[in-house]
1. Compute the Rg to Rh ratio over region 64-147 from the alpha carbon atoms, using the Kirkwood formula for Rh, and round to two decimal places.
2. Mind listing which trypsin sites (Lys or Arg not before Pro) in region 210-276 are in a DSSP loop and have 14 or fewer other Cβ atoms within 10 Å?
3. Once you keep just the Cα pairs under 8 angstrom separated by 6 or more residues, what percentage relative contact order results for region 192-273?
4. How high is the relative contact order of region 1-131? Use alpha-carbon pairs under 8 Å, at least six apart in sequence, and give a whole percent.
5. Carbon and sulfur: what percent of region 40-336's accessible surface (1.4 Å probe)?
6. Pop a pseudo-label 7 angstrom from the Cα along the beta-carbon direction at both LEU313 and LEU292 and give the gap in nm to one decimal.
7. Between region 280-316 and region 53-116, how far is it from one alpha carbon centroid to the other, in angstrom?
8. Count the DSSP beta bridges whose two residues both fall in the chain, then state the antiparallel fraction as a percent rounded to the nearest 5.
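The values are calculated or read from the model by the stated rules, or taken from the named source; none is laboratory data. Every value quoted in this text rests on a predicted model; they were computed, and no experiment measured them. Positions of Cβ are generated from backbone atoms using ideal geometry, with glycine treated the same way; all protein chains shown enter the neighbour counts. With ligands, DNA and RNA removed, areas are computed over all heavy atoms of the protein, side chains included. Shrake-Rupley method; radii C 1.70, N 1.55, O 1.52, S 1.80 Å.
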Amino acid sequence: MKNNYGGSHYSNSSFPTVRLRRLRRNAAIRGLLQETHLSVKDLICPIFIQEGIERSHVIESMPEIHRIPLSEIISEVQTIFDLGIRAIIVFGIPSYKDDNASSAFHKNGIVQVSCKLIRKHFGDKIAIITDVCLCQYTTHGHCGVVLNKKVDNDSSIISLARVAVSHAEAGADIVAPSAMMDGQIKSIREGLDKSGFTDTAIMGYSAKQASPLYEPFRDAANSSPEFGDRKTYQMPFTNAREAMREIEFDINEGADIIMIKPAIPYLDLIYQAKQNTNLPICAYSVSGEYALIRAAADEGWINENAVMTEFLLAIKRAGADMIITYQAKKMAKLLNE
Ligand code: PBG
Ligand code: ZN
């Protein structure tokens, strides 16, 4: 890197680095010099909506995050909207599960009904993203269809397309397949187009790592696999080039936005994706990342707001255009202060 400090024409006290440090004492100049910014418009707020409950329940491993009943969906979205956030991602927790995940694509399923209500009440004022997967809806808890004790890729991507079309019918703007099945983006794109939903966008969970950081989510969504694990379809977290290949596949299959998940341990992947593609990049800061911060904050060992701000800005600095975070509401409040 070129170094302009080596010349003898600087006296010690006029080194540009030294001057910058002095200038930064002035908040106005600090603002000018800040390279990375975070806005409420960058944030996507997750919502867990559960079928068949009367009141909301706090998720034990995710303090302050709730599973809410349908009757609270409008007030929850209103709260999010009033904070200036303009995007939500909806996760459904159904009361009925079976082997082929039929409640995932039922037209009166929990996500479908939620989308219809939100759309009716908010029109186009808030972007609705839906998580498209089977794990919450199957008795075995895997993200795809299981045949002979194995996740069957080809029948899974047909089901995933059905789920996506049912979400689009209910008013979702963006469907986000998280099952990590091969060809899921292509299958969903074809399904949407055939049903006339050519404007519904796809956010691919492209580089989704097989991470222990999803544990609190599985608590929340009651979606742990009954046997085996997700390592056959989620990514080995040691492989950055393979992650870039997964992203490439998703782009070639028609993804409109790509996602990297989790966020904080994978800033290098976000950075690399930014160099390799011009598509918008979403980072998903997952349940375990939230739980780590919350647990330490609850012990009084760290300052939650400060750590949250540092982590979210670091995710943006790495190259994320948007961030899914369980701290969306809290961060929005802080940004609005
Ligand atoms: C469903 C899904 C998961 C997450 C998002 N969608 C869980 C999983 O793959 O086991 C994880 C989100 C989080 O941990 O916050 N496939
Ligand atoms: Zn899944």
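1. Working: Rg = 13.9 Å, Rh = 13.7 Å.
Reported Rg/Rh (Cα atoms, Kirkwood Rh): 1.01.
2. Numbers: sites: ARG218, ARG230, LYS231, ARG241, ARG245, LYS274; in loops: ARG230, LYS231.
Taking region 210-276 and a limit of 14 other Cβ atoms within 10 Å, the loop trypsin sites (Lys or Arg not before Pro) found are LYS231.
3. Working: 74 pairs, mean separation 37.5, N = 82.
That works out to 46 percent.
4. On the way: 139 pairs, mean separation 30.8, N = 131.
In percent, rounded to a whole number, it is 24.
5. Details: 6360 of 12630 Å².
Answer for region 40-336: carbon and sulfur cover 50 percent of the accessible area.
6. 2.0
7. 23
8. Values: 6 of 40 bridges.
Expressed as a percentage, antiparallel bridges in the chain total about 15.
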